[in-house]
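Visitor: Here you go, one structure.
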Amino acid sequence: DKGNHRHFMAKEIHEQPEVVGRTLAHYIDMARGQVVLQEALPFDFARLSRLSITACGTAYYAGLVAKYWFETLARLPVEIDVASETRYREPPLERDGLTLVISQSGETADTLASLRYAKSQGQHTLAVVNVPTSTIARESSAVMPTFAGPEIGVASTKAFSCQLTVLLCLALAAGRARGVLDAEHERAIVDALITAPGLMAEAIKMEAEVEGLSREIAKARDVLYLGRGTSYPMALEGALKLKEISYIHAEGYAAGELKHGPIALIDESVPVIVIAPHDAIFEKTVSNMQEVAARGGRIILVGDARGAAAGLDTLATLTMPDVDPVIAPIVYAVPIQLIAYHTAVFMGKDVDQPRNLAKSVTVE
Ligand code: M6R
């Protein structure tokens, strides 16, 4: 049932404040301002020397965001790869180490094969999954569920924001266990995290503006997405979302890589979507935007009021609410999804069932 929406994808984008809130309610003790994991973990974060993450597609990008969180909040080294590579690379994995798999469906063939490989190496396995009865959930030593509810649209939206939510909670739990985060620091991040549903609802209100902008994007043959830090995987996710439902060629790049190749593509025909909340490295991204503007590139800045005030030469700026940079990926998922959705709808594409794609990739 699509409710009042034209497509499942629209419904699922709009559901995010609610399902992220539901996921938070499961993982956060609001009174104590800390994360609580309902399930006892069969390993100790304090004793891990490394975390290996594997997943496919959008779930992989959630894992890439989480890499930044585990590294900064828990000082835990993270290795991450797409599951189709992990399974055949057969990387050396320490006995009693931890492999984290992320999957909406819990049935993705490559992710499942990587999970089985990790187990064969004597690793503990932890799965962030949306379908609790799935094969991956059953075969993992521990499960951290997302509470997105059934996701019907082929393009993953609400499952992604719920994955991010669970992964940030896990990074906080790891940070505490490893003595990196004290109670005060944890509480500060939890306080920020519980504002996410409200901020996502605010971001959804920008929909009419995004729709207008999408008419411009729809004219493009290629679109570049740029970001730094956790906005880098968000750029990758933005590009994936756009290409899978609008069939416009899109690429995500770390903004700092611009000079190492993609700047050669810049001209007025290639919109450059820059994901840049005001964080510690915002100024670095500003320099990249100046480089794009100097070559006649048309920038669409997805940032906040301080970014909008930076006086950049942009085609458009989507001014997002101010967010704590730690939780920015969760909130910025919304405009990224809306851009892809409206561009594809404007172009008359079947957003819920894009050509050649299956919701769950259960064969290689
Ligand atoms: O069910 P999973 O999370 O394991 O699926 C992984 C990918 O197939 C999935 O995220 C895919 O990339 C989506 N179509 C992205 O929107």
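The values are calculated or read from the model by the stated rules, or taken from the named source; none is laboratory data. Being a predicted model, the structure only gives us computed values, none of them experimental. Because the Cβ atoms are built from the backbone with ideal geometry, glycine has one as well, and the counts that use them run over all protein chains shown. Surface accessibility is based on the protein's heavy atoms, side chains included, excluding ligands, DNA and RNA. Shrake-Rupley method; radii C 1.70, N 1.55, O 1.52, S 1.80 Å.
Visitor: Residues with beta-carbon under 15 Å from that of residue 149, excluding residue 149: net charge, scoring Lys, Arg +1 and Asp, Glu -1?
Guide: Numbers: positive: 2, 11, 22, 158, 359; negative: 1, 12, 15, 18, 151.
Every neighbour counted, the sum reads 0.
Visitor: Let me ask something else. With charges set only on the Cβ (+1 for Lys and Arg, -1 for Asp and Glu), what does the dipole of the chain come to about its Cα centre, in debye to the nearest 20? Walk me through the numbers on the way to the answer.
Guide: Values: 34 positive and 44 negative charges, 84 e Å.
Magnitude of the dipole: close to 400 debye.
Visitor: Once Lys and Arg get +1 and Asp and Glu get -1 on their Cβ, which of 340, 302, 287 lies farthest toward the positive end of the dipole of the chain?
Guide: Of the listed residues, the answer is 340.
Visitor: What share of the DSSP beta bridges in the chain is antiparallel, in percent to the nearest 5? Could the numbers behind the result be given before it?
Guide: Values: 2 of 42 bridges.
Close to 5 percent.
Visitor: Could I ask something else about it? What number comes out for the charge environment of residue 87, summing +1 per Lys or Arg and -1 per Asp or Glu over other residues with Cβ under 12 Å away? List each step's numbers first, then the result.
Guide: Details: positive: 89, 116; negative: 81, 85, 90, 110, 364.
Around residue 87, the surrounding residues sum to -3.
Visitor: Give the accessible area for residue 56 in Å² (nearest 10); use a 1.4 Å probe, count only protein heavy atoms, and leave out ligands, DNA and RNA.
Guide: Taking all protein chains as shown, residue 56 has close to 40 Å².
Visitor: Also: For the chain, with all protein chains present and a 1.4 Å probe, just round the carbon and sulfur fraction of the accessible area to a whole percent. The partial results should precede the final answer.
Guide: Numbers: 7150 of 14340 Å².
Heavy-atom surface of the chain belonging to carbon and sulfur, 1.4 Å probe: 50 percent.
Visitor: Okay, moving on. Among 68, 60, 332, what's the order by accessible area (1.4 angstrom probe), most exposed first?
Guide: Values: 68 75, 60 40, 332 0 Å².
Heavy-atom accessible area, descending, gives 68, 60, 332.
Visitor: Show 347, 9, 30 ordered by accessible area, largest first, where the area counts protein heavy atoms only and the probe is 1.4 Å. Show your work: numbers first, answer last.
Guide: On the way: 347 65, 9 0, 30 100 Å².
If we order 347, 9, 30 from most to least accessible, we get 30, 347, 9.
Visitor: With all protein chains present and a 1.4 Å probe, how do 133, 23 order by accessible area, largest first?
Guide: Values: 133 100, 23 0 Å².
Order by accessible area, largest first: 133, 23.
Visitor: Here is a further query. What accessible surface, in Å², does a 1.4 Å probe find on residue 215, ignoring ligands, DNA and RNA and rounding to the nearest 10?
Guide: 110
Visitor: Add +1 for every Lys or Arg and -1 for every Asp or Glu among the other residues with Cβ under 15 Å from the Cβ of residue 35, and state the total. Mind showing how you got there, number by number?
Guide: Working: positive: 32, 176, 178, 187; negative: 29, 39, 182, 184, 186, 191.
With Lys, Arg at +1 and Asp, Glu at -1, the net is -2.
Visitor: Something else: By how many nm would the segment from residue 31 to residue 88 lengthen if fully extended, with 0.36 nm per residue of separation less the alpha-carbon distance? List each step's numbers first, then the result.
Guide: Working: separation 57, 0.36 × 57 = 20.52 nm, distance 4.56 nm.
That works out to 16.0 nm of additional length.
Visitor: Could you report the chain's accessible area per residue, 1.4 Å probe, as an integer in Å²?
Guide: Values: 14340 Å² over 364 residues.
In whole numbers, the chain has 39 Å² accessible per residue.
Visitor: Taking every alpha carbon pair in segment 223-354, what does the distance histogram look like in 5 angstrom bins from 0, in percent?
Guide: The calculated distribution, bin by bin, is 2, 11, 23, 25, 20, 12, 5, 1, 0.
Visitor: Per Stokes-Einstein, at 4 °C and 1.567 mPa s, what whole-number D in µm² s⁻¹ belongs to the chain, with the Kirkwood radius over Cα pairs as the hydrodynamic radius?
Guide: On the way: Rh = 20.5 Å.
This corresponds to a translational diffusion coefficient of 63 µm²/s.
Visitor: Divide, for segment 102-202, the radius of gyration over alpha carbons by 2.2 N^0.38 Å, where N is the residue count. Kindly include the intermediate steps, with their values, before the conclusion.
Guide: Numbers: Rg = 15.4 Å, N = 101, 2.2 N^0.38 = 12.7 Å.
Ratio of Cα Rg to 2.2 N^0.38 Å: 1.21.
Visitor: Separate question: Quick check: residue separation of residue 265 and residue 280 times 0.36 nm, minus the Cα distance between them. What number comes out in nm? Intermediate results must be reported in sequence, preceding the final value.
Guide: Working: separation 15, 0.36 × 15 = 5.40 nm, distance 2.77 nm.
That works out to 2.6 nm of additional length.
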